[in-house]
Amino acid sequence: VLLNDCLGGLNIVPDGVYVDGTLGGGGHSSEILKRLTTGRLIGIDRDPNALAAASARLDAPNFTPVRGNFHDVKALLSGIGIERIDGALLDLGVSSHQLDEASRGFSYHQDAPLDMRMDPAEPLSAADIVNSWSERDIARILRDYGEENWAVQIARVLCDRRRQARIETTAQLVDIIDAAIPKRVRAKDGSHPARRTFQALRIAVNDELEPLHQALMDFASLLGPGGRLCVIAFHSLEDRIVKNTFRELNDPCTCPRDIPLCVCGKKPQVRLVTRKPITASDAELSANPRARSATLRVCEKREVVK
């Protein structure tokens, strides 16, 4: 997704050190590697299946795969002796590799166990949420993480169904959503009625939003002067966090706006390369419909001001 825009945004130098914090299938990383000579690329992913597949694809001496969550980037890079980088890319959300692997339970188009864990070693699955969380908490995550207008109704029908039998599969969940949302009010854009619910459950299972702000701050702190951070988001909740964090890094001053001089002492850490997010071209959308909701934001580390 947005491959050429990401490569341009990273402004790759051949001897630089780069991080793909969401390695996935390795599509972005393979192109980054082509632009490196003596440089190094670190690929981070919490999904062991994705990490193994991408590592086989990116078999190169200057590529280092690291299993972990990009939220812990400082500790992960410190563990392999890296304290400074020249650029990083984050492609947030579920990967194409995970969507296409039906057994993982991310897709509402295929029947599978209701899992949705990016790291299969984690204890909490989507089935655990829909079968054990309270009706109020389920409605809350559908509303807050899925921006689902029918959150209360879906949660109510779900809890009614689970009293009859445990909900184990994606098809069962899709059937529940279908029963809860009246056909006359389905989305006019043709999107699947289960899209928002599956998004919300996936975010809750994998704790995708709460640590994102601090992770972006950590990536920015690791960048050397002129280093770039590129972030692709796929829904408004992610993009809002990225936008606000970049703004904070660009203008961290907390002084009242009506005083003539800054006294808080906070200095800008980055400059905004993209004032508005980059979106997919018509040509890319024709070739890859999954890019429909993708937005790319880029910032660049400033020189340290004493």
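The values are calculated or read from the model by the stated rules, or taken from the named source; none is laboratory data. The structure presented is a predicted model; accordingly, all values stated were derived computationally and were not measured. A quick note on method: Cβ atoms are made from the backbone with ideal geometry, for glycine too, and the neighbour counts reach across all protein chains shown. The area values use the complete protein model at the heavy-atom level, side chains included, leaving out ligands, DNA and RNA. Shrake-Rupley method; radii C 1.70, N 1.55, O 1.52, S 1.80 Å.
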- Given H placed on each backbone N at 1.01 Å, which residues far from G227 in sequence or on other chains put an amide H within less than 5 Å of it? K301
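List the relative contact order of the chain as a percent without decimals, with contacts defined as Cα pairs under 8 Å and 6+ residues apart.
18 percent
Let me make sure I get this right: for region 8-143, a, b and c are the square roots of the gyration tensor eigenvalues over alpha carbons, sorted descending. Under 1.5 in a/c it's rounded, otherwise prolate if a/b > b/c, else oblate. Which is it?
Working: a/c = 2.52, a/b = 2.04, b/c = 1.23.
Prolate.
Given a 1.4 Å probe and heavy atoms of the protein chains only, how would you sort D47, D15, largest accessible area at the top?
D15, D47
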- Query: So how much accessible area does S30 have, in Å² to the nearest 10, using a 1.4 Å probe?
  - Reply: 20 Å²
- Task: State to the nearest 20 debye the size of the charge dipole of region 174-306 about its Cα centre, where the only charges are +1 on K and R beta carbons and -1 on D and E beta carbons.
- Result: 380 debye
- For T22, enumerate residues with amide H under 5 Å from its amide H, sequence gap 5+ or separate chain, H modeled in the peptide plane. I44, D91
- Message: Leaving ligands and nucleic acids out of the surface, order R186, R196, R57 by accessible area at 1.4 Å, largest first.
- Response: R57, R196, R186
- Once phi is turned into θ = phi - 60°, what whole-Hz ³J(HN,Hα) does the Karplus curve with 6.51, -1.76 and 1.60 give for every residue of region 234-250, x standing for Gly and Pro? 10, 8, 5, 5, 5, 4, 5, 5, 4, 4, 5, 5, 4, 4, 5, 5, 7
- Where does each of E147, E210 land when they are ordered by accessible area, with a 1.4 Å probe and the largest first? E210, E147
- Lysine pairs, Cα distance under 30 Å, 8 or more residues apart or cross-chain: how many in the chain? 25
- Query: When the Karplus curve 6.51 cos²θ - 1.76 cosθ + 1.60 is applied with θ = phi - 60°, which whole-Hz ³J(HN,Hα) does each residue of region 113-130 get, with x for Gly and Pro?
  - Reply: x, 7, 10, 6, 7, 5, 10, x, 7, 5, x, 8, 10, 5, 4, 4, 5, 6
- Would you tally the net charge around A139, using a Cβ to Cβ cut-off of less than 11 Å, leaving A139 out, and scoring K and R as +1, D and E as -1? 0
- Task: Return the percentage of antiparallel bridges among DSSP beta bridges fully within the chain, rounded to the nearest 5 %.
- Result: 40 percent
- Task: Keeping all protein chains in position, work out how much accessible area M217 exposes to a 1.4 Å probe, and write it in Å² to the nearest 10.
- Result: 40 Å²
- Using a 1.4 angstrom probe on heavy atoms only, work out the carbon and sulfur share of the accessible area of the chain in %. 49 percent
- All other residues with a Cβ under 11 Å from the Cβ of D20 taken together, and with Lys, Arg as +1 and Asp, Glu as -1, what is their net charge? -3
- How large is the dipole of region 40-176 about the Cα centre if only Lys and Arg carry +1 and Asp and Glu carry -1, each at its Cβ, rounded to the nearest 20 debye? 260 debye
- Message: Just want the answer: with Cβ charges of +1 for Lys and Arg and -1 for Asp and Glu, which residue in V174, S103, G25 is farthest toward the dipole's positive end in the chain?
- Response: V174
